[in-house]
Amino acid sequence: MKLVYFLSLLVALIFADSTQASATRLAKKWNKPCCPISRCVFNKGDQLVNAPGFSGNTFNGLLQFTQSPNNTLQISGFINIQGAINEEVEGVYNIHVANCSTASTPTPGDPPTIDLDFESFGLPILTSADLGISNITNQCCFVVEEFAVFQGSIPPKERIYGVAPVETVVDCTNIH
């Protein structure tokens, strides 16, 4: 069986078209020389913003944003807050990318540039957003509990579980 597999692979390699023409179609689809990447890294204990009631990130986590050629952000990562239920975040928690200045408002992370409330804690985050990486430059990632909203407080107050600035990993602005 292994011999048949090996021979099939060898035949495929021999008859494969290795000319430039076969790669030309791929090059036309990917006409950008670089793929910008940014990320938010949550380190437990980090206190990167001064916000009421925030004494530092309560978990470790990562969100990564990779811009595709058609200006769609591919978003991946993992956030695992101890004690959070492994199901959709919407309802009690917010995972947002928003202006960092919203950290000291009653609703940190609002209004969001990216809303990840339909993702889950403790499971891989794999989704996309129809915008470019420049839309989140100089912003922050927020994980916020909306506990006071359900207790009838007006204006609502939310507790920040984690804040991380959007960091550039791969910058394509100077690549030609």
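The values are calculated or read from the model by the stated rules, or taken from the named source; none is laboratory data. The structure displayed is predicted, hence computed values, not measured ones. Please note: Cβ atoms are built from the backbone with ideal geometry, for glycine as well, and neighbour counts cover all protein chains shown. Accessible surface areas use protein heavy atoms only, side chains included; no ligands, DNA or RNA. Shrake-Rupley method; radii C 1.70, N 1.55, O 1.52, S 1.80 Å.
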Open item on the list: Taking the full set of protein chains and a 1.4 angstrom probe, give the accessible area of residue 110 in square angstrom, rounded to the nearest 10.
Closed with: 40 Å²
Task: Computed E for residue 76/residue 47 - FRET, C-beta separation, R0 25 angstrom, nearest 0.05 - done: 0.45
Open item on the list: Taking loop as defined by DSSP and a crowding limit of 11 other beta carbons within 10 Å, which chymotrypsin sites (Phe, Trp or Tyr not before Pro) in region 97-142 fit?
Closed with: 118
